[in-house]
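Written below as structure tokens is the structure these notes are about.
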Amino acid sequence: MPQFPDVYSLNDPTSFAYSTARSRWPKIITQSKQDVLAHARKSEDAELKKQSETIVEGIELLLQEIEEGASIREFTKSEVALIPSLQSYNDVLATMKEKSTWLSGPWLFTECYLYRVLDLIVKSQSKWVNFDIFEVLKRDTFKSSKFGIYELAIRYKKLSEELKKTAQVEIEKLRILFEEFIDISLWGNATDLSLLANATLEDIQSRQGKEAREKSAKNIIANDLPEAWKRLVAVPFEERRIDFVLDNAGFEFYTDLSLSLFLLDAKLVKTVVFHCKTRPWMVSDTMVKDYKLFLQDMRNTEWFPDHQEELEYFASSIEHYHDTEQFQLTDSEFWTSALDYSCLSPHEIKYGGAELYKYFQNSTVVIVKGDLNYRKLTGDRKWPKTTPFVDAIDQLATSDIHILALRTCKADVCVGLPEGLEEKLIAFWKQQGNELGELWCSSGKWAVISYSAGNTSTK
Ligand SMILES: O=P(O)(O)OC[C@H]1O[C@](O)(CO)[C@@H](O)[C@@H]1O
Ligand SMILES: [Mg+2]
Ligand SMILES: [Mn+2]
């Protein structure tokens, strides 16, 4: 049994956690306050406008508490009565030996807690319960991803028509295509909005598209994809189901859909299920309602005046699979609870962990997308970077769940690297003019593809 190292903490100046709490969070929160104000301004509802004042006050107080490094408090009885899953945060707080603060607590827990406080502030107002505080930002960024969107829609239509024409596509060709669409979905994660605080839109565009991906191929520093492919083709077709634990809406969601469409068209899988968040989360994460908005936005000819045939082909293809239930979307409170994914276990019966555990045992492969999900898989602990992935995911390694993590690295935690590579990357990042070489791992420029068959003992 591996020893569990400490988790990353907000008061460590060598961790990306440090600037996250002191500079990134305040920017994100300030932006969301502006979106509340803009929404209130547009509304004619006097009650809604009045309630926006309470929300803004709440957000300002939150901002002040973070900046002052105030203590983290338990959610009150009435708050938990309003949103029962907040209790998961109180459960974890009760186990902490030291009092946690906004600037010194565990990074992963406190970041999750932050988004729940923000959500609570909004949902405490009756006229705002269905308001997604990040929706405008998510859609605006999708709108400005035009070129990447065109390129992928063109690629997909051509391939899909070819697949439909060909009676029997050679398996080796399908394997190569599988790699291509995994790659698209992986790098789709490079442009999440919680990092927008640091990136320009140009920067974002330069990360999308084929050329950017080709340049990044050497930056995939751990790659277990061959094992996932072997698993996929070993399961009888009728039982083949791929689950996605989704990350971001917008461009990344679009790339996840393109991977799903390829898998369905190529008859590599029978069913695809997307697992979404039940509430606004980490700025850009996908909720079930974002699917409808996605279809609507794809068909917005003002936003996307060119390549309408290809965009329509993409949208109606996914709609078709949605109608036949080969493509499904679902959500669970578990994903935004305080628990990390070692709690995807039969013992976690309060927040949906046991249910998901059972469901995932029947999955061919569970694709876990993005940085935050990866941090929750590995517990956000200070694992030596050469730790095997299966040693960092606790009981999931023996859960019978087949996990494939696709993650661009935007935080300190990372495992599965070959001996000596970390040292080289630290030196390289320093040489690039960065003060802290260790922060290569939070730059979003490198990525890992990690697999666990859920049965370490027979691996
Ligand atoms: O959308 P992703 O890939 O989960 O990225 C968001 C994550 O990255 C971070 O920005 C890393 O610091 C966190 O806010 C969060 O863990
Ligand atoms: Mg763990
Ligand atoms: Mn995200």
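The values are calculated or read from the model by the stated rules, or taken from the named source; none is laboratory data. The structure presented is a predicted model; accordingly, all values stated were derived computationally and were not measured. All Cβ positions, even for glycine, are placed from backbone atoms using ideal geometry, and neighbour counts span all protein chains on display.
What the table below lists for this structure:
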quantity: Of all residues making up the stretch 307-344, the number that are in contact (Cβ under 8 Å) with a residue 40 or more places away in the chain and loosely packed, with under 14 Cβ neighbours inside 10 Å; calculated: 3
quantity: Cβ-Cβ under 6 Å pairs, at least 6 apart or on other chains, the stretch 82-99 side assigned by TED's automatic domain parsing to the domain that holds Tyr113 and in contact (Cβ under 8 Å) with a residue 12 or more places away in the chain, far side in a helix (DSSP H, G or I) and surrounded by 11 or more Cβ atoms within 10 Å (Cβ to Cβ); calculated: Ser85/Glu333; Leu86/Glu79; Leu86/Val80; Gln87/Val80; Tyr89/Tyr113
quantity: Residue match in the stretch 387-399 (condition: within 21 Å of the chain's Cα centre (by Cα) and not in a helix (DSSP H, G or I)); calculated: yes
quantity: Residue in the stretch 367-378 that is assigned to a helix (DSSP H, G or I), among the acidic types (Asp, Glu) and under 21 Å from the mean Cα position of the chain (by Cα) present; calculated: yes
quantity: Single condition Met96 does not satisfy, out of (1) closer than 30 Å to Ser342 by Cα; (2) in contact with a Pro (Cβ under 7 Å, 6 or more places away or on another chain); (3) more than 16 Å from ligand 2 (Cβ to nearest atom); calculated: (2)
quantity: For Ser443: the one exception among (1) under 25 Å from Thr255 (Cβ atoms); (2) in contact with a helix residue (DSSP H, G or I) (Cβ under 6 Å, 6 or more places away or on another chain); (3) away from ligand 2 (no atom under 16 Å from the Cβ); calculated: (2)
quantity: Residue check, Val368 closer than 24 Å to Leu421 by Cβ, touching a residue at least 60 places away in the same chain (Cβ under 8 Å) and more than 14 Å from ligand 1 (Cβ to nearest atom); calculated: no
quantity: Cross-chain or 6+ apart pairs with Cβ under 9 Å, the stretch 107-123 first and at pLDDT 95 or above, then basic (Lys, Arg) and part of a helix (DSSP H, G or I); calculated: Trp107/Arg375; Leu108/Arg375; Leu108/Lys376; Glu111/Arg375; Cys112/Lys376
